[in-house]
Amino acid sequence: MHMTVPEAMELVRGIAPSCSGGKAVEVIIAPPFTALHATACEIKGKIIGLAAQNMHFEPAGAFTGEVSAAMLKDAGCTHVIIGHSERRQYFCETDEGVNRKTKTALSEGLTPIVCIGESLGEREAGTTFKVIESQLNGGLTGLSPEEAGRLIVAYEPVWAIGTGRTATPAQAQEVHAFIREKLSATFGKDAANCIRILYGGSVKPDNIKSLMAMEDIDGALVGGASLKAESFSALVNYSEV
């Protein structure tokens, strides 16, 4: 919940130069709902994708305050973030709800960025893998291998979001490898290899390169560092540092 439309436009104009020149990096930005349409107009013709931060699983109806997949597409979105840890923590989102939203997004032609991750208490209790497996099973149940292959999964350890604490590259890789293994067991190796697994948790210019060096980390879901053009651009250009 950051930025008015003018502020969002200023940020987009600031990061646009770093997203050109044929770089082998896919960039997707996720402004608040109020700035989606203006952002879509601003990035038209640029190599930048547009995601919403949430959506409802029903196509229409008496769901005051909610936004449908069709509305997001109409605003210019190609992707949608589903099950972000803050949605789970503050708005009581469940794996079942994540599953319904994921299926709707796929059926409507949006690419879901499905978020999973454990809390500090769960990590300290040694239940990280149990939690991750449960979230994967609950959030992705009923999907075909073809549908699963169109997903993006984001692993965001809740204890490392906005705290300044970051999972070490080795810790992140361990969980990412586990996620890939579970996806392969459920949907097959081909589908699992098509699914990009992002890491999210205090990703910054000074740690992005070491994280991206890990075999199963395919990208980053960025929070605070995406709110300033300088740090955002540094992330996009991490391989050139």
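The values are calculated or read from the model by the stated rules, or taken from the named source; none is laboratory data. Source: prediction; values computed, not measured. Here Cβ is always computed from backbone atoms with ideal geometry, including for glycine, and neighbour counts include all displayed protein chains.
Quick look at the numbers
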{"quantity": "So Leu120, is it of a type in the set (A, V, I, L, M) and without any contact (Cβ under 8 Å) to a residue 40 or more places away in the chain", "calculated": "yes"}
{"quantity": "Complete set of residues in region 39-50 that are out of contact with any Cys (no Cβ under 7 Å at 6 or more places or on another chain) and either within 21 Å of Ala220 (Cα to Cα) or buried (at least 17 other Cβ atoms within 10 Å of the Cβ) (or both)", "calculated": "Thr39, Ala40, Glu42, Ile43, Gly49"}
{"quantity": "Pick from region 217-235, criterion outside any loop (DSSP other than H, G, I, E, B), crowded, with 18+ Cβ neighbours inside 10 Å and of a type in the set (A, V, I, L, M), ranking: farthest from the chain's Cα centre (by Cα)", "calculated": "Ala234"}
{"quantity": "Matching residues in region 94-151 - criterion: being under 24 Å from Ala172 (Cα atoms), under 17 Å from the mean Cα position of the chain (by Cα) and of a type in the set (Lys, Arg)", "calculated": "Arg150"}
{"quantity": "Failed item in (1) surrounded by 20 or more Cβ atoms within 10 Å (Cβ to Cβ); (2) without any contact (Cβ under 8 Å) to a residue 24 or more places away in the chain; (3) farther than 20 Å from Gln89 by Cα, with Gln171 passing the rest", "calculated": "(1)"}
{"quantity": "Which numbered condition Asp74 fails, given (1) surrounded by fewer than 17 Cβ atoms within 10 Å (Cβ to Cβ); (2) of a type in the set (D, E, K, R); (3) more than 30 Å from Arg13 (Cα to Cα)", "calculated": "(3)"}
{"quantity": "Flag if Glu42 is over 23 Å from Gly97 (Cα atoms), of a type in the set (Asp, Glu) and under 21 Å from the mean Cα position of the chain (by Cα)", "calculated": "no"}
{"quantity": "Hey, Pro169 in contact with a helix residue (DSSP H, G or I) (Cβ under 6 Å, 6 or more places away or on another chain), farther than 24 Å from Thr104 by Cα and not aliphatic (A, V, I, L, M) or not", "calculated": "yes"}
{"quantity": "Members of region 162-216 found to be assigned to a loop (DSSP other than H, G, I, E, B), among the charged types (D, E, K, R) and closer than 22 Å to Ile81 by Cβ, listed by number", "calculated": "Arg165, Lys204, Asp216"}
{"quantity": "Candidate set: region 104-141, residues that are among the hydroxyl-bearing types (Ser, Thr, Tyr) and at pLDDT 95 or above; chosen: the one farthest from Gly201 (Cα to Cα)", "calculated": "Ser107"}
{"quantity": "Matching residues, region 60-86, being hydroxyl-bearing (Ser, Thr, Tyr), modelled with pLDDT of 95 or more and under 20 Å from Ala154 (Cβ atoms)", "calculated": "Thr78"}
{"quantity": "Filter pass, Gly109 being among the small types (Gly, Ala, Ser), out of contact with any Cys (no Cβ under 9 Å at 6 or more places or on another chain) and over 21 Å from Thr166 (Cβ atoms)", "calculated": "yes"}
{"quantity": "Some residue of region 88-95 being surrounded by 22 or more Cβ atoms within 10 Å (Cβ to Cβ), in contact with a His (Cβ under 9 Å, 6 or more places away or on another chain) and modelled with pLDDT of 95 or more", "calculated": "no"}
{"quantity": "Members of region 208-241 that are touching a Pro at 6+ places or on another chain (Cβ under 8 Å) and either closer than 18 Å to Gly14 by Cβ or of a type outside the set (A, V, I, L, M) (or both)", "calculated": "Ser210, Ala225, Ser231, Ser233, Ala234, Leu235, Tyr238"}
{"quantity": "Residue selected from region 63-89 under the condition β-branched (Val, Ile, Thr) and out of contact with any helix residue (DSSP H, G or I) (no Cβ under 7 Å at 6 or more places or on another chain), by the criterion farthest from Gly201 (Cα to Cα)", "calculated": "Thr64"}
